[in-house]
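Below is one structure, written out as structure tokens; comments come after it.
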Amino acid sequence: MELSMVSMDLTLLHCPLCLRPLKPPVYECKGRHLACVDCRVERPGNQRQCQKCDRGGGFNVWKTAVDAVLSSVRVEFPYEGCGLYVTYHKLADHQSMCPLVPCKCPVPVYRYEGPPPALSHHISTVHPMPVHRI
């Protein structure tokens with residue numbers, strides 16, 4: 001497998017209906033609009049009709065080529081020290097569990113934000129608080 005860096009508008013990888021990142025399986029209507037599987041199933045009134053076009057078609061065509069692209073697009077996790085490349089549509093999942101996601105200082109006056117080890121150091125040196133675990 002050959003890997004290369006590509007620059008692109010990541011909003012192209014979002015469902016035009018719910019605006020969340022597209023994840024496989026992806027479907028297409030007769031007007032060539034894409035929809036994620038959640039939007040295909042959960043349209044108002046449980047209808048599978050495209051709300052973006054006037055053709056009135058449902059999302060009946062499974063776009064396996066789009067699925068392949070979505071499964072291969074990886075982005076670097078943006079927080080210092082992590083260094084992982086994550087499948088774009090799984091970025092939010094990784095953010096919820098990554099131990100390096102910045103934490104905010106609990107003292108409202110300070111606007112410090114940093115990874116847990118740095119926050120621990122900040123609290124123990126700037127504030128008279130004992131730090132046991134972050």
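Summary of computed values
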| quantity | calculated |
| --- | --- |
| From phi via Karplus (6.51, -1.76, 1.60), per-residue ³J(HN,Hα) for region 81-95 in Hz, x at Gly/Pro | x, 6, x, 7, 9, 10, 4, 3, 6, 9, 4, 5, 4, 5, 4 |
| Gain on full stretching of the segment that runs from Cys53 to Leu12 - 0.36 nm per residue minus C-alpha separation | 13.0 nm |
| Mean separation of Cα contacts under 8 Å, 6 or more apart, over the residue count of region 10-97: relative contact order % | 24 percent |
| Rounded tilt (10° steps) of 116-126 against the dominant C-alpha axis of the chain | 30 degrees |
| For region 4-28 and region 112-131, distance of Cα centres in Å | 38 Å |
| Spin-label pair His127/Cys98, simplified geometry with 7 Å Cα→Cβ offset, distance in nm | 2.4 nm |
| Long-range HN-HN contacts of Val61 with modeled amide H, under 5 Å | Glu28 |
| Per-residue ³J(HN,Hα) for region 96-111, Karplus 6.51 cos²θ - 1.76 cosθ + 1.60, θ = phi - 60°, Hz, x for Gly and Pro | 6, 10, 5, x, 9, 5, x, 10, 9, 5, x, 8, x, 5, 8, 9 |
| Helix-only CD estimate at 222 nm, as mean residue ellipticity for the chain, using -39500 (n - 2.57) per DSSP H run (n ≥ 4) | -6500 deg cm²/dmol |
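Each reported figure results from applying straightforward, stated rules to the coordinates on display, with no laboratory input. Here the structure is a predicted model, which means the values were calculated and not measured. Every residue, glycine among them, receives a Cβ derived from its backbone with ideal geometry; neighbour counts consider all protein chains shown.
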